[in-house]
1. Starting from segment 113-189, pick out the GluC sites (Glu not before Pro) whose DSSP state is loop and whose Cβ has at most 13 other Cβ atoms within 10 Å.
2. Give me a comma-separated list of calculated 3J(HN,Hα) values for segment 84-92, in order, Karplus coefficients 6.51, -1.76, 1.60 applied at θ = phi - 60°, integers in Hz, x for any Gly or Pro.
3. Can you compute the equivalent ellipsoid semi-axes for segment 67-160, i.e. the square root of 5 times each eigenvalue of the Cα gyration tensor, sorted largest first and rounded to whole Å?
4. Quick one: Karplus J couplings for segment 132-139, per residue in order, coefficients 6.51, -1.76, 1.60, θ = phi - 60°, nearest Hz, x for Gly and Pro?
5. Check Gly85: other-chain or 5+ apart residues with amide H under 5 Å from its amide H, H built from backbone geometry?
6. What GluC sites (Glu not before Pro) in segment 28-94 are in a loop by DSSP, with at most 13 other Cβ atoms within 10 Å of the Cβ?
7. Taking other Cβ within 10 Å of each residue's Cβ, how do Asp89, Asp130 sort, fewest first?
8. At 37 °C and 0.692 mPa s, grab the translational diffusion coefficient of the chain from Stokes-Einstein with a Kirkwood Rh over Cα pairs, rounded to a whole number in µm² per second.
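All of the numbers you see were taken from the coordinates with simple rules; none came from a lab. It should be emphasised that the depicted structure is a prediction, and the values quoted were computed from it without experimental measurement. Because the Cβ atoms are built from the backbone with ideal geometry, glycine has one as well, and the counts that use them run over all protein chains shown.
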Amino acid sequence: MDSRCLLARVFLGVLLMHSCEAARKWDYEPMSLSSTTTDPSKILIKTKIDRIGRGEFAISATAMFNYTTTEETMVECLVYRSSSGAEADYKLLPWAIPRQTFHEHLNTYYKEVTMRVFKKCSNFPYFEGDFQPPFPKMNYVAEKCALGDDDRLPEICPPGFYKIVFKCFGKNQPSWSFTAVFRLKPKLF
Ligand SMILES: *[C@@H]1O[C@H](CO)[C@@H](O)[C@H](O)[C@H]1NC(C)=O
């Protein structure tokens, strides 16, 4: 089950698609969102967790994207799980997005997962067919995105803390990263 299982799959497109239509038996709570940048005039991400109801959460973010991506712009994503939440307990899971070019990422994980999930709640680039560079320089806004609504989420997920680290970097380009920690627990009926 492990390999099919994670909110990260929708959130950052970590996993391959294996559709599972049954109702999910777990709840999630975002614990923290953070980002880094080596040049805030080129890329600056701000994130916020919104509580939208009892046990219901949404995520808001802005990203000022102000540089030109090239074939040398690379991304990768790593996922860790900790059963206790203790930092020392996090173990790398085999669900990473292997290092690949940003443009390749847009045509695969981004398009299959991220673009679909954020379609209704953000102005993230939406395209059909192949992505045509360049990635538009602009201010991106995601407003109260409820990630748990996705109908392709797995039914069962091992409880615990999941840390997703997305990194982007390139020759003569800013390096930036985005880290999200989610707590998954069994749904109370
Ligand atoms: C965007 O980048 C240009 C130069 O590359 C810079 O002059 C401008 O101040 C940047 N915009 C922001 C909002 O930092």
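1. The qualifying sites are Glu128.
2. Coupling constants for segment 84-92: 9, x, 5, 3, 5, 8, 5, 10, 5 Hz.
3. Taking √(5λ) for each eigenvalue gives 27, 18, 13 Å, largest first.
4. Once rounded to whole Hz, the list reads 9, x, x, 5, x, 7, 5, 8.
5. HN-HN under 5 Å from Gly85: Phe161.
6. Hits after loop and neighbour filter: Glu71, Glu72.
7. By the 10 Å Cβ count, ascending, the order reads Asp130, Asp89.
8. Here the translational diffusion coefficient equals 193 µm²/s.
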